[in-house]
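Q: Sharing a structure here in structure tokens format.
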Amino acid sequence: MISPTRIRKEKAFKFIATVATWTSVLILIVLLTHILSEGWRWLDWQFMDSFPSRFPEKAGLKAGIFGSIWLMALTASISIPIGVFAGLFLEEYGIKGIIGKIIEVNMANLAGVPSIVYGLLGLTVFVRYFGFDRSLLSGALTLSLLIMPVIVVATRESIRAVPNSIRFGAYAMGARKHHVVFGQVLPVALPGIMTGVILALSRAIGETAPLIIVGAVSYISFIPEGIMDEFTVMPLQIYNWAGRPQADFHQLAAAGIIVLVSVMLVMNFVAVLIRHKMQKRYRF
Amino acid sequence: MNIETVLSAKNVNIWYGEKHAIRNISLDIYKNHVTAIIGPSGCGKSTLLRSFNRMNDFVETLKQKGGIFFEGNNLLEADPIEVRTRIGMVFQRPNPFPKSIFNNITWGPKIHGYTGDLEQLVEESLKGAALWDEVKDRLNDSALELSGGQQQRLCIARTIAMKPEIILMDEPCSALDPKSTIRVEDLITDLKKDYTIIIVTHNMQQASRVSDYTAFFYEGKMVEFGQTDKIFTAPKEKKTEDYITGRFG
Amino acid sequence: MIDRKTRVTIIGISIKLVFGVCAFLGILTTIGIIFVLGNEGFQFFRQVPIWDFLTGTEWTPLLEPKSFGVLPLVVGTLQVTIGAGIIAMPLGLLCAVYLSVYAGKKRRNTLKPILEVLSGIPTIVYGFFALTFITPILQKIIPNTEIFNAASGAIVVAIMILPMIASLCDDAFRAIPRSVKDGAFAIGATTNEVVMGIMIPYSLSRILAAFILALSRAIGETMAVTLASGSNPQLTLSPLKSIQTMTAYIVQVSLGDTQAGGIEYLTCFAVGLLLFVMTFMMNLLGQIILTKFRVKSL
């Protein structure tokens, strides 16, 4: 027989755990409604199609939108091959012993380095040492270093999920390692890798601090035309507006956030979709 | 039928770390015949089979000594890629590639630079594996949609597509139902016209049904080797007799 | 002419080489970070004694008279971090408990993505939320709260690290073998007794590691605290006053026009070095706890 005190205790505990969890859901809802209610009025074509301005009614996100698109395209094309190749190397080729261990621990630690520190690295190496200046290229290289560990981890996890029987089947036909890797392992692991890559990019698109350090500017009134151009990004424009005292600019910031978060949510949704499809397809 | 030795193991020893898994085994494999390796689990039969196409290379702690001679060369010292191209393998569990049926067959030849007619190769191979009639209308479907027995025959077909000299089979029916097992066994009998087959099995009936020669392994040693009907009707060794009459195993 | 076999071998080797270089880039990044921070930091400490830097209580590198005592920034950072930890650690752990023992499969499948979204929202958004939503509420409750204040930063950073704690603790709970839990249930323990008596003690090391990793992330957090807590480096323990964190200082300098190589510029790297050392130590500790006790939890 369970004593009433124990039952009461159990009920109270369950109640607290439930409340704690649903509070976080509530926070998300409050956050989203707050931003929507602040920003929706400013969200129109003129907002999407204007450059920054001292007058809130004339100000827009255009430079940020194009800057973010450029930056993401560039970051993706740098970080995806490097991250995926590094993941393939660690998982399929792997080096044993102390060096392998160092690479391993190093990746885990890199993932925990604050993004602003990557900014300082980018500033010194890309902006100043390589002389790329405050360009899209500097920003993209910095962000690539930042998200590489995430892509590596995602790649390794998806590769580990590929059954060994497939590898052995391929080797038994006289396949070489790179045939097995590109012909068998990569195609199976690809959906998982894509999920990880999209999530990593959705993190990168919201990054602000490292870009401030490498010199992205918030007040820019042109669209970048090449990788050596100066640029701004959506989060930076949002930061600039949010930092001003006028309520109108706060609402502009909220409108910018709506755009930014929508993009991020769509990316997350696509990632979940791919993951879902993958789980259905590959059952061994 | 005249008998020609195609593969010849000489004093092969294999260790897993400290464990001496294969003890000084010498064995001749005859061309266009089926040789069965039988024995209780853990007797080393699969280990030896895997050394025939260097799949043991993937076991890190493994050490092997001796010679396995194939066309005059010791294949333990040859290029493993070359070895595996000419000596194919069918695994215990069907492991088709997660690709279409068509691509399962063509993948191997393609990576080896095959330039012939792929459609013809697929048809030939599938016919050779007695699978053509069942799948000819859905060659572009995923191989994973096939039944277990069909998948195993597909694995045999993709091995045939490589035109190997020898096909190794590691308990190819252990994951199949009885009906599929019979189909694969019939297939093995057909295949020996063109190929030399070495099959590892713990199923003695299967060995007696499909093989011409049988080697009985026990605790890493080869106890007896001879024509299958002789081994099963009049074994020389007491151990063999005990095993095939079911006293242990 | 080279034959096919040689060609394929060369391709194989070059692929391995390219892959290896990519993997090595990770090491290079670490070396780069250490070298850059160390080198510029060294330049800084040639002008400002390290002891003065670490123990000074005045941080006015951009004003005359210049003073380079980093303590106000460290205290500001710790205020936000500890505050966030106090809120997020119990809440995150409770979330994990709910997810792994109380929520059914269906609710779990709804909650998990929500937590993922929560952790994926850009930090700038959290900063905005703190400034325009949390702070006004705080000001209503305690009228003398400043517009920029440590408390608001702490709350919003807590929201940010909560999903991470919940998710890592949930993983830890799920790694407990069924038999362990079943054994406790089989002798008639209630769920909370199993959680408190079996599950939490069993995964203590992983929970601890989750806390440490989350706190390290809170230390490195930048944009949310820059917007929420301001840029006023004063040494105070009051959570209602404006402060400046280490990260916020680096942002402040970067947004201004500082000359490369000047002492103001170098302060960024000195502060960055301190930040890196702090987070690196915590991450390392977290990793060590994780690997050291992994055997136990299997």
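FYI, it's all coordinate maths here, none of it is from the lab. Because the structure is a prediction, the values reported are computed rather than measured. Here the Cβ positions follow ideal geometry from the backbone for every residue, glycine too, while neighbour counts run over all protein chains shown.
Q: Could you tell me whether region B:31-74 comes out rounded, prolate or oblate from its Cα gyration tensor? Rule is a ≥ b ≥ c as square roots of the eigenvalues, rounded for a/c under 1.5, then prolate if a/b exceeds b/c, otherwise oblate.
A: oblate
Q: If the viscosity is 1.567 mPa s and the temperature 4 °C, what translational diffusion coefficient in µm²/s does Stokes-Einstein give for region B:1-127 when Rh comes from Kirkwood over Cα pairs?
A: Details: Rh = 16.6 Å.
In µm²/s, the coefficient rounds to 78.
Q: To the nearest 10 degrees, how steeply does helix B:101-111 sit against the main Cα axis of chain B, on a 0 to 90 scale?
A: Long axis of B:101-111 versus the principal axis of chain B: about 70 degrees.
Q: Now, a different point. Hey, got a sec? Which chymotrypsin sites (Phe, Trp or Tyr not before Pro) in region A:125-210 land in a DSSP loop and have at most 14 other Cβ atoms within 10 Å?
A: Here the chymotrypsin sites (Phe, Trp or Tyr not before Pro) that fit, given the DSSP loop and packing criteria, are A:Phe130.
Q: Roughly speaking, what is the centre-to-centre gap between region B:150-174 and region C:225-254 when only Cα atoms are used, to the nearest Å?
A: Taking the Cα centre of region C:225-254 as reference, the centre of region B:150-174 is 69 Å away.
Q: Per residue, how big is the convex hull of region C:1-98 when only Cα atoms are used? Give it in Å³.
A: 211 Å³
Q: Please find, in a Gaussian network model of chain C (springs between Cα atoms separated by less than 10 Å), the residue of C:Ile124, C:Ile187, C:Ile11 whose mean-square fluctuation is greatest.
A: Top of the fluctuation ranking is C:Ile11.
Q: Taking the Cα-to-Cβ direction at C:Ile86 and at A:Ile95 and moving 7 Å from each Cα, how far apart do the two end points lie in nm?
A: In this crude label model, C:Ile86 to A:Ile95 measures out at 4.7 nm.
Q: Put +1 on the Cβ of every Lys and Arg and -1 on every Asp and Glu Cβ in chain C; which of C:Ser242, C:Asn232, C:Leu28 then has its Cα farthest towards the positive end of the dipole?
A: With unit charges placed on the Cβ atoms, the residue in question is C:Leu28.
Q: Work the Kirkwood hydrodynamic radius out for the protein assembly as shown: mean of 1/r over every pair of different alpha-carbon atoms, inverted, in Å. Mind showing how you got there, number by number?
A: Working: mean 1/r = 0.0325 Å⁻¹.
This gives a value of 30.8 Å.
Q: Turning to a different aspect of this structure: Enumerate the lysines that A:Lys14 could reach by cross-link, defined here as Cα to Cα under 20 Å, with residues fewer than 8 away along the same chain left out.
A: C:Lys105, C:Lys106, C:Lys112, C:Lys181
Q: Which loop chymotrypsin sites (Phe, Trp or Tyr not before Pro) in region B:161-249, with loop taken from DSSP, have no more than 12 other Cβ atoms within 10 angstrom of their Cβ?
A: Here the sparse-neighbourhood loop sites are B:Phe248.
Q: Of B:Lys31/B:Lys179; B:Lys31/B:Lys221; A:Lys101/B:Lys63; B:Lys45/B:Lys193; B:Lys10/B:Lys238; B:Lys10/B:Lys63, which ones are farther than 20 Å apart at the Cα?
A: B:Lys31/B:Lys179; B:Lys31/B:Lys221; A:Lys101/B:Lys63; B:Lys45/B:Lys193; B:Lys10/B:Lys238, as the Cα separations exceed 20 Å there.
Q: Now for a different question. Using alpha carbon coordinates only, what is the Rg to Rh ratio of region C:168-298, with Rh defined as the Kirkwood radius?
A: Working: Rg = 21.3 Å, Rh = 17.9 Å.
Here Rg/Rh amounts to 1.19.
Q: For chain B, which longest stretch is free of loop sites, where a loop site is one of the GluC sites (Glu not before Pro) that DSSP puts outside H, G, I, E and B and that has at most 12 other Cβ atoms within 10 Å?
A: Here the longest run is B:78-249.
Q: With the Cα gyration tensor of chain B in hand, give its eigenvalues times 5 under a square root as the equivalent ellipsoid semi-axes, listed largest first in whole angstrom.
A: Each semi-axis is √(5λ); the values are 30, 21, 16 Å.
Q: When the convex hull of the C-alpha atoms of chain A is computed, what volume per residue in Å³ does it have? Each step should come with its number before you reach the end.
A: Details: hull volume 62.5 nm³, N = 284.
It is 220 Å³ per residue.
Q: Give me the compactness ratio for region A:186-246, meaning the Cα radius of gyration over 2.2 N^0.38 Å.
A: Normalised Cα radius of gyration, region A:186-246: 1.50.
Q: Using a ≥ b ≥ c from the Cα gyration tensor of region A:1-86 (square roots of the eigenvalues), is it rounded, prolate or oblate, where a/c under 1.5 gives rounded and otherwise the larger of a/b and b/c decides, a/b for prolate? Could you put the intermediate results ahead of the total?
A: Values: a/c = 7.13, a/b = 1.82, b/c = 3.91.
Verdict is oblate for region A:1-86.
Q: Rank B:Tyr114, B:Cys173, B:Trp15 by how far each Cα sits towards the positive end of the charge dipole of chain B (+1 on Lys, Arg Cβ; -1 on Asp, Glu Cβ) and give me just the farthest.
A: B:Trp15
Q: State to the nearest 20 debye the size of the charge dipole of the protein assembly as shown about its Cα centre, where the only charges are +1 on K and R beta carbons and -1 on D and E beta carbons.
A: 2000 debye
Q: Choose one answer from A:Ile151, A:Ile82, A:Ile16: the residue with the largest mean-square fluctuation in a GNM of chain A with alpha-carbon springs under 10 Å.
A: Its mean-square fluctuation being the largest, the pick is A:Ile16.
Q: Using only Cα atoms, what is the ratio of the radius of gyration of region A:138-284 to 2.2 N^0.38 Å?
A: The reported ratio for this selection is 1.40.
Q: Mean Kyte-Doolittle of at least -0.5 plus a Cα span of 30 Å or more along the axis: flag which DSSP H helices in chain C meet both, please.
A: Details: long enough: C:4-47 (63 Å, 1.09); C:71-97 (38 Å, 1.97); C:150-174 (35 Å, 1.55); C:263-292 (42 Å, 1.61).
Helix filter hits for chain C: C:4-47, C:71-97, C:150-174, C:263-292.
Q: If the cut-off is 24 Å between C-alpha atoms, which lysines fall inside it for C:Lys140, apart from same-chain ones fewer than 8 positions away?
A: Partners within reach: C:Lys241.
Q: Okay, next question. Over chain C, with a Gaussian network built from C-alpha contacts below 10 Å, which listed residue (C:Leu62, C:Leu93, C:Leu266) shows the highest mean-square fluctuation?
A: The residue with the greatest mean-square fluctuation here is C:Leu62.
Q: Something else about it: How big is the dipole moment of region B:166-249 about its Cα centre under a simple scheme where the beta carbon of each Lys and Arg is +1, that of each Asp and Glu is -1, and everything else is neutral? Debye, nearest 20, please.
A: Rounded to the nearest 20 debye, it is 180 debye.
Q: Let me ask you something else. May I ask for the Kirkwood hydrodynamic radius of region C:84-172, worked out over all distinct Cα pairs and given in angstroms to one decimal? Mind showing how you got there, number by number?
A: On the way: mean 1/r = 0.0717 Å⁻¹.
In region C:84-172 this quantity evaluates to 13.9 Å.
Q: On to the next question. Among rounded, prolate and oblate, which fits region B:108-249 when a ≥ b ≥ c are the square roots of the eigenvalues of its C-alpha gyration tensor, a/c under 1.5 means rounded, and a/b larger than b/c means prolate?
A: prolate
Q: Using the Kirkwood radius over C-alpha pairs as Rh, can you work out the diffusion coefficient of region C:59-215 via Stokes-Einstein at 37 °C, viscosity 0.692 mPa s, in µm² per second?
A: Working: Rh = 17.8 Å.
After rounding, the answer is 184 µm²/s.
Q: Moving to a separate point now. Would you be so kind as to identify which of B:Thr85, B:Gln151, B:Tyr243 lies farthest towards the positive end of the dipole of chain B, taking Lys and Arg as +1 and Asp and Glu as -1 on Cβ and the Cα centre as origin?
A: In chain B, that residue is B:Tyr243.
Q: To continue, here is another question. Just how far, in whole angstrom, is region A:171-247 from region A:64-110 if you go by their alpha carbon centroids?
A: Each part reduced to its Cα centre gives a spacing of 12 Å.
Q: How big is the Rg/Rh ratio for chain C, C-alpha atoms only, Rh by Kirkwood, two decimals?
A: Rg divided by Rh gives 1.08.
Q: With an 8 Å Cα cut-off and a minimum separation of 6 or more residues, compute the relative contact order for chain C in percent. Show your work: numbers first, answer last.
A: Numbers: 401 pairs, mean separation 74.9, N = 298.
The normalised contact order for chain C reaches 25 percent.
Q: Sticking with this structure for a sec: Out of region A:1-93, which trypsin sites (Lys or Arg not before Pro) are coil in DSSP terms and have no more than 14 other C-beta atoms within 10 Å?
A: A:Arg54
Q: May I ask you to give the average projected area over all directions of the convex hull of the Cα atoms of region A:1-145, in nm² rounded to one decimal?
A: Mean shadow area of the hull around the Cα atoms is 17.7 nm².
Q: Now for a different question. Can you tell me the 0 to 90 degree angle between the C-alpha axis of helix B:148-161 and the longest principal axis of chain B, rounded to 10?
A: Rounded to the nearest ten degrees, it is 90.
Q: Still on this structure, I have one more. Helix B:178-191 versus the longest principal axis of chain B: what angle, 0 to 90°, nearest 10, using Cα atoms?
A: Tilt of helix B:178-191: around 90 degrees.
Q: Might you report the magnitude of the Cβ-based charge dipole of region C:84-170 about its Cα centre, with Lys and Arg at +1 and Asp and Glu at -1, to the nearest 20 debye?
A: 420 debye
Q: Using alpha carbon centroids, what distance separates region B:37-83 and region B:180-225, in Å?
A: A separation of 18 Å, based on Cα centres.
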